[in-house]
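Down below is the structure, laid out as structure tokens.
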Amino acid sequence: MSPVDAARWTEAQMNASLAASLGRWDRRTPLWVFGYGSLIWKPEFDFEARAPARIHGHHRRLCLRSVLYRGTHECPGIVAGLDRGGSCLGMAYRIGPARVPEVFRQLWEREMLLGSYRPAWVRARLREGGAVEALAFVVRRDAFNYCGELAEDDVVDILVRACGARGSSLDYLQRTVAALHEAGLRDAHLERLAHKAQRRAAAR
């Protein structure tokens, strides 16, 4: 059995995790979701509103190997997770109460398939003012595909060469940087990685 097959969650695990995360919900109020990677530029769910926001206690980091969407088993790609420490600028989405069950099921099927994340409720400060409690997918450091120990040069090498069913790892990074820019947000670390990867790809 491959590591991916071993890590894949069962329907029972998905249901239990989703029920635990929604345990405090009164089924009458909207819920918020915090996006920091592809959820910024490809949310794929219905929302009432969205706003730039910052969370504290976690930062965006390219720290998860992708063997399906942005890489393969033979040449794993890399995508972002929320790792410990610091803060993160992203996008907060407000989900209307009537859509919460459907949208959260979609999110679990998209993000929790391999159990690489831990769903957590975090405090998100909206750029327009105020703060909300939002669901975020925090990386699990014990996940089989966690790779936060990689040196920056190794990350750049993966960005240049890895490609999967949904495109290259570099495309993922470029889309994330572009979406942040469009929202008036910056991530200097991601921008530096994108610049270095683009230069290395051009020199190959």
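The values are calculated or read from the model by the stated rules, or taken from the named source; none is laboratory data. The structure displayed is predicted, hence computed values, not measured ones. Neighbour counts are summed over all protein chains in view; Cβ atoms, including those assigned to glycine, are modelled from backbone coordinates with ideal geometry.
Data table
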| quantity | calculated |
| --- | --- |
| Test: residue in segment 42-51 that is modelled with pLDDT under 95, outside any loop (DSSP other than H, G, I, E, B) and farther than 14 Å from Trp108 by Cβ | no |
| Residue in segment 138-155 that is over 30 Å from Leu18 (Cα atoms), surrounded by 19 or more Cβ atoms within 10 Å (Cβ to Cβ), touching a helix residue (DSSP H, G or I) at 6+ places or on another chain (Cβ under 9 Å) and modelled with pLDDT of 95 or more present | yes |
| Subset of segment 68-126 [farther than 16 Å from Leu22 by Cβ and of a type in the set (S, T, N, Q)] | Thr72, Ser87, Ser116 |
| Options Leu39, Leu18; residue that is closer than 17 Å to Leu82 by Cα and either modelled with pLDDT of 95 or more or not in a loop (DSSP other than H, G, I, E, B) (or both) | Leu39 |
| Strands (runs of 3 or more DSSP E) wholly inside segment 57-174 that include at least 1 residues being without any contact (Cβ under 8 Å) to a residue 12 or more places away in the chain | 131-139 |
| Tally, over segment 175-204, of residues that are among the hydrophobic types (A, V, I, L, M, F, W, C) and touching a residue at least 40 places away in the same chain (Cβ under 8 Å) | 9 |
| Single unsatisfied condition, Val79 versus (1) under 24 Å from Thr10 (Cβ atoms); (2) over 16 Å from the mean Cα position of the chain (by Cα) | (2) |
| Only one of Gly77, Gly86, Gly129, Gly115 that is at positive phi, of a type in the set (Gly, Ala, Ser) and touching a helix residue (DSSP H, G or I) at 6+ places or on another chain (Cβ under 9 Å) | Gly115 |
| Top-ranked residue in segment 1-49 [being surrounded by 10 or more Cβ atoms within 10 Å (Cβ to Cβ) and among the acidic types (Asp, Glu); ranked as nearest to the chain's Cα centre (by Cα)] | Glu44 |
